[in-house]
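To start, the structure under review is shown below, and the notes come after it.
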Amino acid sequence: MNTALKPLVEIRNVEKRFGGDGGFLSSRQPEVKALNDVSLSVDKGDAFCLVGESGCGKSTLARTVIGLHPPSNGEILYDGERIDTLSQQEKRPFTRKMQMIFQNPYASLNPRMTVMQTLEEPLRIHRPELSRQQVREKVEEVMLSVGNDPAWGERYPHEFSGGQRQRISIARALMLDPEFVVADEPISALDVSIQAQVLNVMMDAQEQRHLTYLFITHDLSVVEHFGSRVAVMYLGTVCELADTRSLFATPRHPYTQALLSAIPKMSEEGAGHIKMTGEVPTAMNLPSGCVFHPRCPHANDRCRKEVPDFLDNGETQTACFAVEEGRL
Amino acid sequence: MALLTVRNLEVEFPLGRKTLQALYGVDFSLEKGERLGIVGESGTGKSVAAFSILNLLSKPGRISRGEILFEGSDLATLNDDAMRDIRGNRISMIFQDPMMTLNPVLTIGTQMIECLKAHRNISREAAREIAISKLKEVMIPSPENRMDSYPHELSGGMRQRVVIAIALLTDPSIIIADEPTTALDVTIQAEIMVLMLELCKNNSVGLILITHDLAVVSQVTERVMVMYAGRVVEEGPTRDVIQNPQHPYTRGLIKALPQENRPGSRLNQIRGSMPALDAIPAGCAFNPRCDYADGECLKAIPPLLGKKGHKATCLHTDRIPPFESARQEVST
């Protein structure tokens, strides 16, 4: 990695809380701490993966980065400029460069718009100077690049299969030639063979258009295949950050180790996985100290009281006292 | 005689003027305590095959041919009353999403006791005892207290444990599980799978596991059946099928997995897409997507043939190069 290059996207000490104030017709909502002091940076050309169990805040982080909801605290920088405080108007040039692909292609495409209308819309908003002909050409070019037949333009989303729909939503994200694409579990609603197809389309697009991805998934085998860097999240905090290769070769954090051991492998039956004790606590009632301590087999008193900082141990960055003290 | 024998099962869905056929002559059997996996993509008929065993096909679907032999009766011809004695009693079912399966307005205890009382003539107290012991078996902490909880008070993993406990209540001889871990996280999925494997082994309960996840199948089942376009295209001992798949479709499924490809490389994908039920190609249904297809494949539907219980419906198994896995052996 070239350290002289400044990162494309920088997330600095971001916090996100939901609720907490009086809700509609009710006195006080419980506060959910979805993100706690998250800092990351995504370099140009990365396929940066966020992994973790449901409820760990990976989707919240992605949505906060792209501006779907503002952070409660902290800063988000794009190409060195702070974007979380901009007004809708000021944010426009950035929305052109940042696009999102959602999980469920059955819900993310407007059922009343033809494929053509869906794909034209971003151009009409962001590039009104284009002529009808130019728009058509652009749609055609992008449709072809994701392996769709441009003749589908007049059809509606319900006429397509899940894989085709997901390729249409990828096409929509690519219409404005973005630099940075956030993909929130783009393949988890699809069948295995279709997953391969969609991942291939995304990898081709990255190669041809020099995209940077922020890719959210809970499927670690996809991360190993697709990602260049990985952040493992647990209960709103990042617990380990590393190059994909290092993470899979030498996972340090006890949670990462447990996650990796839980990947079902095509081997002997009942292959041993590390069993975590206890249940996932909710973000409404965070444990003190290291948030992972109630489920960690290596937790001690310090883990219950203090919050661990990131420690760079060469290949991975890990927030864990057990690693820091050499107990692991 | 096998515990369950399905012979030449055909299922159709009459829709106005046209009739869609979802299953074509499906045969399989399950021995006592055996664990069978049914694998395939959405729309291949794996759920229809399993649902028809318990007559759970949604209307207007119906069994148009074939027999389902279980404990001396043909389930395909049973009336509703007789079916009720089997369903949820001798054969129980676990569905994908535990939040949809459990009744949100009844406590766990009420739902369990209700199920037991429906099938057995016992007192509430006795039913409660059994329910608590089953919750213990699925390793739910403090089961007595959990009996009074509502489903929303439990996590996804706990809910699925409760569903498994309910499936085990009446000591069934077969459990049919339709994608039981798809809605759960990896770590929880691993726990639930190990739990199901142990429970089935210890109580010698037969398991029919429907899933699209080949890795899950390889860990839990002894035998596997791969379906495509309403037909069984390959079946055999799980390890044989996964290490040496014969049918090009099974090969395609395995080769599409990220762990079967070098990191960062293009993934192997099966070209084309699944045919719709009213447009299944003539001959071998897989021929338009197959790299080895020729004129022969268009003519007739290939029979299920093979050695030592490992069979596939492919005319060209001898011509297809041996399967090579790109998987690097995991050394731990």
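The values are calculated or read from the model by the stated rules, or taken from the named source; none is laboratory data. If you're wondering where the values come from, they're calculated on a predicted model, not measured in any experiment. Neighbour counts are summed over all protein chains in view; Cβ atoms, including those assigned to glycine, are modelled from backbone coordinates with ideal geometry.
A compact table of results
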| item | result |
| --- | --- |
| Selection status of B:Glu260, of a type in the set (Asp, Glu), within 20 Å of B:Asp178 (Cα to Cα) and within 13 Å of another protein chain (Cβ to nearest Cβ) | no |
| Subset of region A:38-66 [within 12 Å of chain B (Cβ to nearest Cβ) and in contact with an Asp or Glu (Cβ under 6 Å, 6 or more places away or on another chain)] | A:Glu53, A:Ser54 |
| B:Val233 vs. criteria over 22 Å from B:Gly88 (Cβ atoms), part of a strand (DSSP E or B), of a type in the set (A, V, I, L, M, F, W, C) and in contact with a Ser or Thr (Cβ under 7 Å, 6 or more places away or on another chain) | yes |
| Residue ranges of strands (runs of 3 or more DSSP E) in region B:1-41 with at least 3 members surrounded by fewer than 20 Cβ atoms within 10 Å (Cβ to Cβ) | B:4-15, B:18-30 |
| Members of region B:62-80 found to be surrounded by fewer than 17 Cβ atoms within 10 Å (Cβ to Cβ) and closer than 22 Å to B:Gln21 by Cβ, listed by number | B:Arg62, B:Ser64, B:Arg65, B:Glu67, B:Asp74, B:Thr77 |
| Meets criteria (within 14 Å of another protein chain (Cβ to nearest Cβ) and touching a residue at least 12 places away in the same chain (Cβ under 8 Å)) for B:Val194 | no |
| Residue ranges of helices (runs of 4 or more DSSP H) in region A:33-114 with at least 1 members farther than 23 Å from A:Ile170 by Cα | A:88-97 |
| Candidate set: region A:115-150, residues that are farther than 18 Å from A:Ile170 by Cβ and of a type in the set (A, V, I, L, M, F, W, C); chosen: the one farthest from the chain's Cα centre (by Cα) | A:Leu130 |
| Number of the condition not met by B:Gly230 [criteria: (1) facing chain A (nearest Cβ under 8 Å); (2) at positive phi; (3) modelled with pLDDT of 90 or more] | (1) |
| Qualifying residue in region A:130-140 (condition: in contact with a helix residue (DSSP H, G or I) (Cβ under 7 Å, 6 or more places away or on another chain), free of Cβ contacts under 8 Å to residues at least 60 places away in the same chain and hydroxyl-bearing (Ser, Thr, Tyr)) | no |
| First in region B:69-82 and farther than 16 Å from B:Leu30 by Cα, second anywhere and among the hydrophobic types (A, V, I, L, M, F, W, C), Cβ under 7 Å, 6 or more apart | B:Ala76/B:Ile63; B:Ala76/B:Ile68 |
| Evaluation of B:Pro180 against (1) out of contact with any strand residue (DSSP E or B) (no Cβ under 6 Å at 6 or more places or on another chain); (2) closer than 23 Å to A:Ser261 by Cα (one fails), failing number | (1) |
| Any chance B:Asn89 is loosely packed, with under 14 Cβ neighbours inside 10 Å, touching a helix residue (DSSP H, G or I) at 6+ places or on another chain (Cβ under 7 Å) and either in contact (Cβ under 8 Å) with a residue 24 or more places away in the chain or small (Gly, Ala, Ser) (or both) | no |
| Answer from B:Gln269, B:Gln246 - the residue that is outside any helix (DSSP H, G or I) and at the interface with another protein chain (Cβ under 7 Å from one of its Cβ atoms) | B:Gln269 |
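Every residue, every condition in (1) in contact with a strand residue (DSSP E or B) (Cβ under 6 Å, 6 or more places away or on another chain); (2) touching a residue at least 12 places away in the same chain (Cβ under 8 Å), yes or no:
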position	(1), (2)
A:Ile274	no, yes
A:Phe292	yes, yes
A:Pro297	no, yes
A:Arg302	no, yes
A:Lys305	no, yes
A:Ala322	no, yes
A:Gly326	no, no
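Quick grid of which residues meet (1) loosely packed, with under 13 Cβ neighbours inside 10 Å; (2) within 24 Å of B:Ala22 (Cβ to Cβ):
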site	(1), (2)
B:Ser265	yes, no
B:Met274	no, yes
B:Ile280	no, yes
B:Ala285	no, yes
B:Pro288	no, yes
B:Asp291	yes, no
B:Glu296	no, no
B:Pro303	yes, yes
B:Lys307	yes, no
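Residue-wise test of (1) farther than 20 Å from A:Ala231 by Cα; (2) within 27 Å of the chain's Cα centre (by Cα); (3) loosely packed, with under 14 Cβ neighbours inside 10 Å.
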{"residue": "A:Ser288", "(1), (2), (3)": "yes, yes, yes"}
{"residue": "A:Cys296", "(1), (2), (3)": "no, yes, no"}
{"residue": "A:Ala299", "(1), (2), (3)": "yes, no, no"}
{"residue": "A:Glu306", "(1), (2), (3)": "yes, no, yes"}
{"residue": "A:Ala322", "(1), (2), (3)": "no, no, no"}
